[in-house]
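K.L.:
Got a structure for you, written out below as structure tokens; questions coming shortly.
The values are calculated or read from the model by the stated rules, or taken from the named source; none is laboratory data. Since we're looking at a predicted model, the values are computed, not measured. Every residue, glycine among them, receives a Cβ derived from its backbone with ideal geometry; neighbour counts consider all protein chains shown.
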Amino acid sequence: MSDKPNSQHLFADVLARVHAICASLATEGQWPAGIDFSRVVVEPPRDASHGDMATNAAMVLAKEARAKPRELADKIAERLHAEDLVASVDVAGPGFINLTLKPQVWAAALRTVLREGVHYGKSTIGNGARVDVEYVSANPTGPMHVGHCRGAVFGDALCGLLDFAGYDVTREYYINDAGAQVDVLARSAFLRYREALGETIGEIPEGLYPGDYLVPVGQALAAEYGDKLKAMAESVWLPIVRTKSIAMMMDMIKGDLAALNIRHDVFFSERSLIETGNNKVTETIEFLRGKGDIYEGRLPPPKGKPVEDYEDRIQTLFRATDYGDDVDRPLIKSDGSYTYFASDIAYHKNKVDRGFRDMIDVFGADHGGYIKRMQAAVKGVSGGTADLDVKVVQLVRLLRNGEPVKMSKRSGDFVTLREVVDEVGSDAVRFMMLFRKNDAVLDFDLARVIEQSKDNAVFYVQYGHARGHSIFKNAREVVPDLPEDDTARAAFLGTAAVERLTDPAELELLKRLALYPRMIEAAAVAHEPHRIAFYLYDLASEFHALWTRGRDLPYLRFIITNDAEITRARLAMVQGVVSVLASGLAVLGVHAPTEMR
């Protein structure tokens, strides 16, 4: 079997035919040169009663063609009628073109699934383009909580999706180890160090991190330094304790991520920007100053804030408004230190210097106001050659049987990611964190995500895959030579008489399978991995419904004891479902079990 992706799936095939027809009409009609056909799409119609596919070709090309959309649509439709896979064409409204395909097209699409196997749906749309995805980037001040969990799963699934769609993906984690919060971490760990030496520290003072997770850090410091640190001034012990604390926190975070099968390619230290002997933040500011993007000036008072909270002074400002931001942004605080934004600009310039022109940052719910300035910064440091897409991941409400879950003792003030994974498993966490669009608040119910019911999406999808394998096992009474290996079984069933799959529910299932490659490409372009989870649930639902119909209508059962040919055809359909479910789950980083327990 070829390891190359199938670059000409059904929707791409029809789109190529529409492009060819439009190009021919352009030549005959002497349309202006250089017309952009990329705006032409072929997609499923919003209303299934309108046909199998729809194209906007006439709507987006009418102006260049110097024709009314409806008239151009009639010309395109006339030529589409002649295509061998088209059963009927209908022009609707002002110029939408709806297509209904011949039934044998869906049989051929199923054979494509069987032939491509695990590579079905892979795309070359990314064309090997390098893309940096920065996600998680939790402060190294403690274990990851359930809010971090959603961003971690989203970012990792997005990376899996982009990789499947042909991009060269780098998974990156930005360690915020240069801010005031890591000094608070060090002071909190020093308290635990004193505790490890036998002191009674009492209640953790307000402003320090209270969680028990810092106890091992204090013990490690005591084991390594004895009581030597106590004799040092804070200015001496602070960097020592900070370094040790950050290292141990990052080990903990990496362990938490590993529990979700998440591993990054790059861990980039914010501190490295200023402690390498060549201050990259200063260097970046001077680079922008040389371009005329930095100036000394005053900012108007922030909207909605009292005047007394505003400091009217001359500041070093980045011309963010030149690159689409609402206001220019300060880079240096009144005490002479850099703003967080200055460090973030330098970090993204580092990405540009590493050759990335496509970047994706996954932000938490409280960072939405930071998007425009970061996109402006990337435009500034790259001279407009790089793009930054920011995906905001909204809050997670953790519930148990509909009731809010209490806080964790281990962390002090939140429920940890590891506690959730240990309770319900990584598959449930990963799938359900994606079963809602990233920018919508998500309710995660610990009791419901382990229920064995249709209402539990991850169970229903995994059960679809397991049910397929159960059908194969039972089918060997009728088809005794049915291979057990997935690849061999797909090849064996590739010669089945799948044209006998004529029931409307069977055809709808085949149409769903044919949609998978286009869905992958659309999800990759939009950076929306939740589309895969939605698709898999719909596919599993149609599969389960067809199986249930067979209980009521024996002629629709997957295994017909006196008709080996239709049994083989339906087993081919089941193999298609199993292959696509396994593929989509793999992209999301979720297991595809062959049996459920």
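K.L.:
From Arg39, Arg46, Arg79, Arg66, which residue is touching a residue at least 12 places away in the same chain (Cβ under 8 Å), surrounded by fewer than 20 Cβ atoms within 10 Å (Cβ to Cβ) and either within 22 Å of Ala522 (Cβ to Cβ) or β-branched (Val, Ile, Thr) (or both)?
P.N.:
The conditions single out Arg39.
K.L.:
Might you let me know whether the stretch 223-231 holds any residue that is within 28 Å of Leu257 (Cβ to Cβ) and without any contact (Cβ under 8 Å) to a residue 40 or more places away in the chain?
P.N.:
yes
K.L.:
Would you point out the residue of the stretch 6-36, among those that are in a loop (DSSP other than H, G, I, E, B) and closer than 22 Å to Ala107 by Cβ, that is modelled with the lowest pLDDT?
P.N.:
Asn6
K.L.:
Going through the stretch 209-243 one residue at a time, which ones are surrounded by 18 or more Cβ atoms within 10 Å (Cβ to Cβ) and touching a helix residue (DSSP H, G or I) at 6+ places or on another chain (Cβ under 6 Å)?
P.N.:
Matches in the stretch 209-243: Tyr209, Leu214, Val217, Gly218, Leu221, Ala222, Leu229, Trp237, Val241, Arg242.
K.L.:
Of these, Gly142, Gly155, which one is buried (at least 19 other Cβ atoms within 10 Å of the Cβ) and touching a helix residue (DSSP H, G or I) at 6+ places or on another chain (Cβ under 6 Å)? Lay out the reasoning, then the answer.
P.N.:
Details: Gly155 fails: touching a helix residue (DSSP H, G or I) at 6+ places or on another chain (Cβ under 6 Å).
Result: Gly142 is the single residue among Gly142, Gly155 that is buried (at least 19 other Cβ atoms within 10 Å of the Cβ) and touching a helix residue (DSSP H, G or I) at 6+ places or on another chain (Cβ under 6 Å).
K.L.:
Could you grab me the full set of residues in the stretch 49-59 that are aliphatic (A, V, I, L, M) and either more than 18 Å from His81 (Cα to Cα) or free of Cβ contacts under 8 Å to residues at least 12 places away in the same chain (or both)?
P.N.:
Matches in the stretch 49-59: Met59 only.
K.L.:
Say whether the condition of being touching a helix residue (DSSP H, G or I) at 6+ places or on another chain (Cβ under 7 Å), in a loop (DSSP other than H, G, I, E, B) and closer than 25 Å to Val215 by Cβ is met by at least one residue in the stretch 296-307.
P.N.:
Within the stretch 296-307 (the criterion being touching a helix residue (DSSP H, G or I) at 6+ places or on another chain (Cβ under 7 Å), in a loop (DSSP other than H, G, I, E, B) and closer than 25 Å to Val215 by Cβ), the answer is no, since none of the residues qualifies.
K.L.:
A further question follows. Out of (1) closer than 21 Å to Arg111 by Cβ; (2) touching a residue at least 40 places away in the same chain (Cβ under 8 Å), the odd one out for Glu508 is which?
P.N.:
Glu508 satisfies every listed condition except (2).
K.L.:
Step by step: first the residues of the stretch 252-283, then only those that are of a type in the set (Gly, Ala, Ser) and under 30 Å from Val587 (Cα atoms), then the one that is farthest from the chain's Cα centre (by Cα). Which residue is that?
P.N.:
Ser269
K.L.:
Checking Lys372 against (1) assigned to a helix (DSSP H, G or I); (2) at pLDDT below 95; (3) not aromatic (Phe, Trp, Tyr), which single condition isn't satisfied?
P.N.:
Lys372 satisfies all of (1) assigned to a helix (DSSP H, G or I); (2) at pLDDT below 95; (3) not aromatic (Phe, Trp, Tyr) except (2).
K.L.:
Then there is this: Is it true that Ile332 is under 24 Å from Phe267 (Cα atoms) and of a type outside the set (Lys, Arg)? Can you show your working first?
P.N.:
Working: under 24 Å from Phe267 (Cα atoms): no; of a type outside the set (Lys, Arg): yes.
In short, no.
K.L.:
Related question: Residue check: is Tyr193 at pLDDT below 95, farther than 30 Å from Asp132 by Cα and surrounded by 14 or more Cβ atoms within 10 Å (Cβ to Cβ)?
P.N.:
For Tyr193, the condition - at pLDDT below 95, farther than 30 Å from Asp132 by Cα and surrounded by 14 or more Cβ atoms within 10 Å (Cβ to Cβ) - is not met.
K.L.:
With Val14, Val18 as the choices, which residue is β-branched (Val, Ile, Thr), surrounded by 14 or more Cβ atoms within 10 Å (Cβ to Cβ) and in contact with a helix residue (DSSP H, G or I) (Cβ under 6 Å, 6 or more places away or on another chain)?
P.N.:
Only one candidate qualifies: Val18.
K.L.:
Given the condition surrounded by 14 or more Cβ atoms within 10 Å (Cβ to Cβ) and at pLDDT below 95, answer yes or no: does some residue in the stretch 457-464 qualify?
P.N.:
no
K.L.:
How many residues does the stretch 107-148 contain that are modelled with pLDDT under 95, part of a helix (DSSP H, G or I) and either polar (S, T, N, Q) or under 21 Å from the mean Cα position of the chain (by Cα) (or both)?
P.N.:
5
K.L.:
Only one residue in Ile175, Ile125, Ile201 is hydrophobic (A, V, I, L, M, F, W, C), at negative phi and free of Cβ contacts under 8 Å to residues at least 12 places away in the same chain. Which one? Give the derivation first.
P.N.:
Details: Ile175 fails: free of Cβ contacts under 8 Å to residues at least 12 places away in the same chain; Ile125 fails: free of Cβ contacts under 8 Å to residues at least 12 places away in the same chain.
One residue alone meets the criteria, Ile201.
K.L.:
In the stretch 521-532, is there at least one residue being among the acidic types (Asp, Glu) and outside any helix (DSSP H, G or I)?
P.N.:
yes
K.L.:
Here's a follow-up. Could you please find all residues in the stretch 541-557 being surrounded by fewer than 24 Cβ atoms within 10 Å (Cβ to Cβ) and within 35 Å of the chain's Cα centre (by Cα)?
P.N.:
Listed by number, the residues that qualify are Ser541, Glu542, His544, Ala545, Leu546, Trp547, Thr548, Arg549.
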